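The values are calculated or read from the model by the stated rules, or taken from the named source; none is laboratory data. Everything quoted here is computed from the prediction, not taken from an experiment. Accessible surface areas use protein heavy atoms only, side chains included; no ligands, DNA or RNA. Shrake-Rupley method; radii C 1.70, N 1.55, O 1.52, S 1.80 Å.
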Amino acid sequence: MAMVEEPPAELVRKDKNFKDLGLDAADYTTEDAVVALLLEHPRLMQRPVAVRGDRAVIARPSMKVEALL
């Protein structure tokens, strides 16, 4: 069971840096593809990620952290 309830692709920032690297979001929908991408380009990881026990949320917006607590 995944710690983050969102799909794996939500962990990837699809910002200017993502576009400048010539990446296609359709290529990063599986957990394995997202992990490989973030290992190669850690700056693309959405942050902050809040963890409590066996659950985690991407803490944007901050209300998601309140739900976790």
Subject >> Along each principal axis, Cα extent of the chain, largest first, Å >> reply: 37, 24, 17
Subject >> Cα-based reach from LYS64 at 20 Å (exclusive), listing aspartates and glutamates while leaving out same-chain residues under 8 positions away >> reply: GLU5, GLU6, GLU10, ASP54
Subject >> VAL49 long-range amide H proximity, modeled H, under 5 Å >> reply: ALA59
Original post:
LEU11 accessible area, nearest 10 Å², 1.4 Å probe?
Top reply: 40 Å²
Subject >> Rounded accessible area of ASP15 (nearest 10 Å², 1.4 Å probe) >> reply: 50 Å²
**OP:** At 1.4 Å probe size, with every protein chain present, just tell me what the per residue accessible area of the chain comes to in Å².
**Re:** 71 Å²
Original post:
At a probe radius of 1.4 Å, what is the per-residue accessible area of ARG47, in Å² to the nearest 10?
Top reply: 120 Å²
